[in-house]
Amino acid sequence: MKDFLVAALQLTSTSNPEVNFSAAEEQIELASRRGAELIGLPENFAFMGDDEKRLEISSSLAQQCSRFLVTMARRYQVVLLGGGFPVPLDGSQRTLNRAELVGRDGQLLARYDKIHLFDVDLPEGNTYRESATITPGNELPPVVDVPGLCRVGLSICYDVRFPELYRHLVDKGAELLMIPAAFTAFTGKDHWQVLLQARAIENTAYVLAPAQTGLHYARRQSHGHAMIIDPWGTVLADAGVSQGAAIAPVDKAHVERIREQMPSLKHRKPNIF
């Protein structure tokens, strides 16, 4: 087993997909040059704008996103996660929010449609209703064995608040949890790092969390701080609030050591609860 580098990319995506694709490729190229073999893009990497326009362009944008991921993975010879993009539903005014994991050869390794939708009224005045335009996925998130690297479990943003989802991923063998996000600035300052560390610690797994950052449109502002966290809960890399990347090594042997030293997964009592 060898160490390998992973990268959690951080973007300030806008309502212009072409600009967003260009910014994403720039960060993918930089991360690959630094040796990253597994790279994650944040949620909404291709579009951050109003719901009406997102629905209007969702059909063409979904195709563009899938092609972009395949092209980038092949061009830079990396395993690449597109952390969330709209996929239209036939006969509906809603979309799915889909993440796709693509291998170095451009093969689709796994996809996941976001289950938990962000419907909240925040104290600072912003209201979010993802369910108004997004249909939740109806399948549990997958775990995929990425050849030569590790077993990866997928999720998206608001999922991080539901620990049972990550228990499912670890039960299926996940060693690294991918949590791409567009976390709001208001909730992120108090909850983002705490939740990521909790998911890493309780599941003794690595967490790779790409993120959106900064002001996108109107009052929509993201927290930033893309992170990589080890199975002990140690923050290995933090991208801060600028566009860029958090890059750090992943060591499968470290997962095994931590799980031996802190065997909480073996001590669970599922039959009692």
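Throughout, read-outs are computed from the coordinates displayed, never taken from laboratory work. Since we're looking at a predicted model, the values are computed, not measured. Glycine gets a Cβ as well: all are built from the backbone with ideal geometry, and neighbour counts include every protein chain shown.
The figures follow:
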item: Rg over Rh [alpha-carbon atoms, Kirkwood Rh] for the stretch 142-245; result: 0.98
item: Average Cα contact separation per residue, the stretch 42-115, under 8 Å, 6 or more apart, as relative contact order %; result: 30 percent
item: Normalised contact order of the chain, rounded percent, pairs of Cα under 8 Å and 6 or more residues apart; result: 21 percent
item: Volume of the Cα convex hull of the stretch 78-217, divided per residue and given in Å³; result: 123 Å³
item: Alpha carbon centroid spacing (whole Å) that separates the stretch 242-273 from the stretch 116-136; result: 31 Å
item: Between helix 185-203 and the chain: long-axis angle, C-alpha atoms, 0 to 90°, nearest 10; result: 30 degrees
item: Charge dipole of the chain about the Cα centre (unit charges at C-beta), most positive-ward option of 227, 140, 270; result: 270
item: Unit charges at the beta carbon, dipole of the stretch 161-225: most positive-side option, 216, 200, 181; result: 216
item: Cross-link table 172/269; 2/269; 2/189; 114/172, entries beyond 28 Å C-alpha to C-alpha; result: 2/269; 2/189
item: Degrees between helix 17-33 axis and first principal axis of the chain (Cα, 0 to 90, nearest 10); result: 30 degrees
item: Listed residue (55, 191, 79) projecting farthest to the positive dipole end of the stretch 4-261, Cβ model; result: 79
item: Rounded to whole Hz, the Karplus (6.51, -1.76, 1.60) HN-Hα couplings of the stretch 123-130, x for glycine and proline; result: x, 7, x, 7, 10, 10, 9, 4
item: Order by protection proxy (mean Cβ within 10 Å, highest first), peptides 205-215, 138-148, 180-190; result: 205-215, 180-190, 138-148
item: Lys, Arg +1 and Asp, Glu -1 on Cβ, resulting dipole of the chain about Cα centre, debye, nearest 20; result: 460 debye
item: Square roots of 5 times each gyration tensor eigenvalue, C-alpha, the stretch 228-273, largest first, Å; result: 30, 14, 7
item: Radius of gyration and Dmax over the Cα atoms of the stretch 1-145, both given in Å; result: 15.6, 49
item: Structure-based [θ]222 nm, the chain - -39500 (n - 2.57) summed over DSSP H runs of at least 4, per residue, nearest 500; result: -10000 deg cm²/dmol
